[in-house]
Ligand code: SAH
């Protein structure tokens, strides 16, 4: 086993997947075809990467931050001409550059310390995404599929559900990793929605985040009552009670309101 000479590090959130059956299931969820350009976040010692490569996609770009994995990955996967190792931090890589006008599938057994950041970045790449399949902390996965009125329904739920259809594919107990994480994990599958709002993603992200800060506060304390009324939302309601559609409508009204006050100078 090549993985044996590798010592995992906490600072990079390394929990290697060691169960072939789970690895196969994750790759099954990706529906790999020969045209696929696949980007993997954190290949580690390459178990998942190798299973993907066995299914003959057009190319795999694996982005890994830990230099100690590079010789292991290079030795293990050098036989695959379609394998490309990108040595660096995923958060600093521009996926538009890798995609180069094509669509990509993004996969990864994510480092849990930066999983939320990685997820929140995904809507910004929507135009080049075909599919994402991620292993996450179960707790985060539950937020991604949460419905209004529940404790799990947060900024992450609304922001990501605005742009993706999200499926909770399976729970994965800690014993399938080396070393086992403290929490249970889960795999989610995220597909870009067919129709998405055309407004600026960054502005919307800040808006949703602002409405969820002090989540028990009534919306009328955070946003002009007229805008709430125009969007058909009770001023006494709280962010956690609104559906994703409500958020989209409310932000559209908010933008229209801003525009109007610009024009009329009031
Ligand atoms: N895919 C492997 C390893 C998963 S552990 C497996 O399933 O066994 C998470 C991996 O992400 C580690 O290899 C870690 O070094 C890497 N990683 C952590 N932070 C990263 C970052 N910001 N950019 C790229 N890789 C990162």
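Counting only residues that are touching a strand residue (DSSP E or B) at 6+ places or on another chain (Cβ under 6 Å) and either part of a helix (DSSP H, G or I) or within 23 Å of residue 89 (Cβ to Cβ) (or both), the range 138-148 holds 3 of them.
Restricting 25, 54 to residues that are more than 10 Å from the ligand (Cβ to nearest atom), surrounded by fewer than 18 Cβ atoms within 10 Å (Cβ to Cβ) and closer than 20 Å to residue 172 by Cα narrows the list to 25. Could we say that residue 127 is away from the ligand (no atom under 16 Å from the Cβ), at pLDDT 95 or above and under 22 Å from residue 39 (Cα atoms) here? Against the criterion (away from the ligand (no atom under 16 Å from the Cβ), at pLDDT 95 or above and under 22 Å from residue 39 (Cα atoms)), residue 127 qualifies. Residue 15 meets all of the listed conditions (1) within 25 Å of residue 91 (Cα to Cα); (2) in contact (Cβ under 8 Å) with a residue 60 or more places away in the chain; (3) touching a helix residue (DSSP H, G or I) at 6+ places or on another chain (Cβ under 7 Å) but one, namely (3).
Among residues of the range 77-91 that are closer than 17 Å to residue 13 by Cα and at pLDDT 95 or above, those with a Cβ under 6 angstrom from a residue that is within 16 Å of the ligand (Cβ to nearest atom) and not in a strand (DSSP E or B), sequence gap 6+ or separate chain, pair up as 89/65. If only one of 45, 49 is near the ligand (Cβ under 9 Å from one of its atoms), in a loop (DSSP other than H, G, I, E, B), touching a helix residue (DSSP H, G or I) at 6+ places or on another chain (Cβ under 9 Å) and modelled with pLDDT of 95 or more, which one is it? Going through 45, 49 in turn, just one is near the ligand (Cβ under 9 Å from one of its atoms), in a loop (DSSP other than H, G, I, E, B), touching a helix residue (DSSP H, G or I) at 6+ places or on another chain (Cβ under 9 Å) and modelled with pLDDT of 95 or more: 45.
Selection of the range 101-124 for residues being within 16 Å of the ligand (Cβ to nearest atom), in contact with a strand residue (DSSP E or B) (Cβ under 8 Å, 6 or more places away or on another chain) and assigned to a helix (DSSP H, G or I) yields 115, 118, 119, 122.
When residue 88 is tested against the conditions (1) within 19 Å of the chain's Cα centre (by Cα); (2) buried (at least 20 other Cβ atoms within 10 Å of the Cβ); (3) within 10 Å of the ligand (Cβ to nearest atom), the lone failure is (2). Residue count for the range 62-76, restricted to those that are within 12 Å of the ligand (Cβ to nearest atom), free of Cβ contacts under 8 Å to residues at least 60 places away in the same chain and over 19 Å from the mean Cα position of the chain (by Cα): 4. Scoring residue 59 on the criteria (1) more than 22 Å from residue 92 (Cα to Cα); (2) more than 13 Å from the ligand (Cβ to nearest atom) leaves a single failure, condition (1).
Return the residue satisfying two criteria in turn: it lies in the range 139-149 and is in contact (Cβ under 8 Å) with a residue 24 or more places away in the chain and touching a helix residue (DSSP H, G or I) at 6+ places or on another chain (Cβ under 8 Å), and of such residues it is farthest from residue 245 (Cα to Cα). Within the range 139-149, the match that is farthest from residue 245 (Cα to Cα) is 140.
The values are calculated or read from the model by the stated rules, or taken from the named source; none is laboratory data. Just so we're clear, the structure is a prediction, and the values are computed from it rather than from any experiment. Here the Cβ is made from the backbone with ideal geometry for all residues, glycine too, and neighbour counts use every protein chain on show.
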